[in-house]
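Please read the structure below before turning to the comments.
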């Protein structure tokens, strides 16, 4: 870079934006699953003692206060047409306000909301029968799990992105400490940076000293 030119601005990290996106997506998904929890939450079924039940949602489900093998129930719509019922093969139970209700029958096909006439003749048990719209405990449980996992996954990802961004930022802004590795000059005997190393020249040792004849000495005359 030429002297006098301004320093280039550091590149902005995308990690904070990714963290915000994770938080937003997680909030949207949690809101959606909370709505599903409210929609699929079991509601107290209506007793059929009067013989008429008004369904505000599609589907027809018949409950009993005790388990029964064969539901002795019949249903008709507002026009007097029979509504085919099928026996519940599973063991689905809902508990509301301390009262347990066992699903004993459902309409074979989804029926629209409206008024239905239902009669149950049971001389073998003391069961109390009630009816309500189509409900599924599985959908209710899945909605709860979806809300929990959406929060944990996307909130966790957002926090991880923020931690990585903070660590990188702290390392980038950390000043160079005096005496840090790499700031010491090379010891004596090593070539200085930027200068070529001189070849190691070897010279022969000097010959031994041998004085010549001295006329001032008597032994040399």
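Here are a few things to note about the model shown:
- Residue within region 126-147 that is more than 30 Å from residue 71 (Cβ to Cβ) and loosely packed, with under 12 Cβ neighbours inside 10 Å present: yes
- Qualifying residue in region 89-98 (condition: part of a strand (DSSP E or B) and at pLDDT 85 or above): no
- In region 20-58, the residues that are within 34 Å of the chain's Cα centre (by Cα) and within 30 Å of residue 121 (Cα to Cα): 40, 41, 42, 43, 44, 57, 58
- Of the candidates 8, 112, the single residue that is outside any helix (DSSP H, G or I), out of contact with any helix residue (DSSP H, G or I) (no Cβ under 6 Å at 6 or more places or on another chain), loosely packed, with under 12 Cβ neighbours inside 10 Å and at pLDDT 85 or above is 112.
- Leading residue by the ranking (nearest to residue 103 (Cα to Cα)) among those in region 55-73 that are surrounded by fewer than 15 Cβ atoms within 10 Å (Cβ to Cβ) and without any contact (Cβ under 8 Å) to a residue 60 or more places away in the chain: 67
- Counting only residues that are within 14 Å of residue 129 (Cβ to Cβ) and assigned to a loop (DSSP other than H, G, I, E, B), region 38-68 holds 11 of them.
- The sole residue among 163, 153 that is at pLDDT 90 or above, in contact with a helix residue (DSSP H, G or I) (Cβ under 8 Å, 6 or more places away or on another chain), at negative phi and not in a strand (DSSP E or B) is 153.
- Condition check for residue 86: within 42 Å of the chain's Cα centre (by Cα) and either closer than 30 Å to residue 156 by Cβ or assigned to a strand (DSSP E or B) (or both): yes
- Criterion (over 30 Å from residue 25 (Cβ atoms) and either part of a strand (DSSP E or B) or at pLDDT 90 or above (or both)) met by exactly one of 105, 147, 127: 105
The values are calculated or read from the model by the stated rules, or taken from the named source; none is laboratory data. None of these values were measured; they are calculated from a predicted model. Backbone-built Cβ (ideal geometry, glycine too); neighbour counts: all protein chains shown.
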